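**Student:** Take a look at this one; I'll ask things after.
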Amino acid sequence: MQAEPSVLEEIKQFKHTQISGVRNQPHILIVEARSTYIPIEHFKETFNFIGELVEKRQISKLIFDKRKLSVFHQPSMEWYFTEWKEQMFNKGLTTHRKILPQDEVFRQSVKIGREKINNQFPNGKFKLMDIAYAENIEQAIRE
């Protein structure tokens with residue numbers, strides 16, 4: 001179940017992603033994967049843009065809708081957790097919701113990737129963040 005289109009406002013389209021805001025909740029941003037794979041340079045471009053919005057709009061919650069992804073990319077995940085989230089934590093972005101595809105291999109890859117990052121970066125600020133998974137946009141906005 002997708003959020004009502006009238007609830008979301010498109011902010012910017014990239015080649016593999018779309019950034020939207022949530023009407024009446026200006027502190028929330030949504031990034032939606034629009035393809036099965038996001039090359040790391042496009043991934044970084046998207047999240048660097050989000051980083052600018054975090055500061056300008058005082059974003060405190062990010063929803064990452066990964067349901068269209070079918071390829072898991074560990075280097076992107078490591079950069080996202082160990083560099084990008086570190087910077088965003090200092091800017092007030094402390095709540096993250098992720099919506100994963102209904103693909104058990106992908107979900108298991110995410111779990112293994114997170115364990116690896118947790119072990120390699122025991123003092124990462126991402127451990128202080130409120131990170132949880134949701135099954136749809138509505139749940140991610142609500143929780």
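FYI, it's all coordinate maths here, none of it is from the lab. Please read all numbers here as calculations on a predicted model, not as lab measurements. In this analysis, Cβ positions are derived from the backbone assuming ideal geometry, glycine residues included, and neighbour counts consider all displayed protein chains.
**Student:** Long-range amide H contacts for Phe14: which residues qualify at under 5 Å (H placed 1.01 Å from N, peptide plane, sequence gap of 5 or more or a different chain)?
**Tutor:** Ile19
**Student:** On to the next question. Residue by residue, what Karplus-based ³J(HN,Hα) values in Hz, rounded to whole numbers, does the stretch 82-97 have, using 6.51, -1.76 and 1.60 with θ = phi - 60° and x for Gly and Pro?
**Tutor:** 8, 10, 5, 5, 4, 5, 5, 4, 5, 9, x, 8, 10, 10, 10, 10
**Student:** Quick one: Karplus J couplings for the stretch 36-46, per residue in order, coefficients 6.51, -1.76, 1.60, θ = phi - 60°, nearest Hz, x for Gly and Pro?
**Tutor:** 6, 8, 10, x, 4, 5, 6, 4, 5, 4, 4
**Student:** Still on this structure: Separation of the stretch 110-143 and the stretch 1-74 by C-alpha centroid, Å?
**Tutor:** 16 Å
**Student:** I need to check one value: relative contact order of the stretch 1-119, counting alpha carbon pairs closer than 8 Å and at least 6 residues apart, in percent.
**Tutor:** Relative contact order of the stretch 1-119: 22 percent.
**Student:** With each run of n ≥ 4 DSSP H residues scored as -39500 (n - 2.57), what mean residue ellipticity at 222 nm is computed for the chain after dividing by its residue count and rounding to the nearest 500 deg cm²/dmol?
**Tutor:** -11000 deg cm²/dmol
**Student:** List the residues, sorted by chain then number, that are 5 or more residues from Ile99 or on another chain and whose placed amide H is less than 5 Å from its amide H.
**Tutor:** Under 5 Å from the amide H of Ile99: Phe64, Asp65, Lys66, Ala134.
**Student:** Now a separate question. Using modelled amide H (1.01 Å from N, peptide plane; none on Pro or chain starts), what sits under 5 Å from the amide H of Arg34, excluding residues fewer than 5 places away?
**Tutor:** Residues meeting the criterion, in which the H sits 1.01 Å from N, are Thr17, Gln18.
**Student:** How large is the convex hull of the Cα atoms of the chain per residue, expressed in Å³ as a whole number?
**Tutor:** Dividing the Cα hull volume of the chain by its residues yields 97 Å³.
**Student:** Quick one: work out the % antiparallel among DSSP beta bridges in the chain, nearest 5.
**Tutor:** Antiparallel bridges make up about 40 percent of those DSSP assigns within the chain.
**Student:** For a 19 Å ceiling on Cα separation, which of these pairs sit above it: Lys44/Lys111; Lys91/Lys111; Lys15/Lys68; Lys56/Lys125?
**Tutor:** Table pairs above 19 Å Cα-Cα are Lys44/Lys111; Lys91/Lys111; Lys56/Lys125.
**Student:** Using θ = phi - 60° and the Karplus form 6.51 cos²θ - 1.76 cosθ + 1.60, what ³J(HN,Hα) does each residue of the stretch 121-126 get, whole Hz, x for Gly and Pro?
**Tutor:** Each residue of the stretch 121-126 in turn: 10, x, 10, x, 5, 4 Hz.
**Student:** Mind running the shape call on the stretch 1-83? Use the C-alpha gyration tensor, a ≥ b ≥ c as the square roots of the eigenvalues: rounded below 1.5 for a/c, prolate if a/b tops b/c, oblate otherwise.
**Tutor:** Because a/c hits 1.5 or more and a/b fails to exceed b/c, the stretch 1-83 counts as oblate.
**Student:** Starting from the stretch 35-139, pick out the GluC sites (Glu not before Pro) whose DSSP state is loop and whose Cβ has at most 14 other Cβ atoms within 10 Å.
**Tutor:** Qualifying residues, ordered by number: Glu135.
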